[in-house]
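Take a look at the structure below.
The values are calculated or read from the model by the stated rules, or taken from the named source; none is laboratory data. Just so you know, these numbers come straight off a predicted model, no measurement behind them. Positions of Cβ are backbone-derived with ideal geometry, glycine not excepted, and every protein chain shown enters the neighbour counts. When the accessible area is computed, the model is the full protein with side chains, heavy atoms only, and any ligands, DNA or RNA have been set aside. Shrake-Rupley method; radii C 1.70, N 1.55, O 1.52, S 1.80 Å.
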Amino acid sequence: MTENSPTVSVVIPTYNRAHLVGRAIQSVLNQTYHDFEIIIVDDGSIDNTEDVVKSLNDPSIRYTRHDQNRGGSAARNT
């Protein structure tokens with residue numbers, strides 16, 4: 001790890017939850033502790049999950065997407 005690495009990584013796996021993922025991310029962003037990164041793993045969603053995540057435009061958010069749905073365990077492992 002480098003000196004600039006966040007202390008905490010919050011991993012949020014998601015699949016077709018565009019209507020909820022923004023709320024989950026905002027909950028993390030609202031915390032008083034700020035030394036974190038939020039890793040969103042989109043497990044092949046076919047809704048607008050990616051648009052919702054990218055609209056939040058926060059440097060602590062890292063978004064990655066599976067081409068096809070692989071299941072929750074694979075999303076967390078990614």
Surface share of carbon and sulfur [accessible, 1.4 angstrom probe, percent] for the chain: 45
Selected from Ser55, Val8, Ala18, residue furthest toward positive end of dipole (the chain; charges at beta carbon): Ala18
Two-decimal Rg to Rh for the chain - Kirkwood Rh, Cα set: 0.97
Most to least packed among 29-41, 10-22 [average Cβ atoms within 10 Å]: 10-22, 29-41
Within the chain, helix-based [θ] at 222 nm, where runs of 4 or more DSSP H residues each add -39,500 (n - 2.57), nearest 500: -9000 deg cm²/dmol
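In square angstrom, what is the accessible area per residue of the chain with a 1.4 angstrom probe?
Averaged over the residues of the chain, the accessible area is 67 Å².
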Helix 18-29 sits off the longest principal axis of the Cα atoms of the chain, rounded to the nearest 10 on a 0 to 90 degree scale, by 10
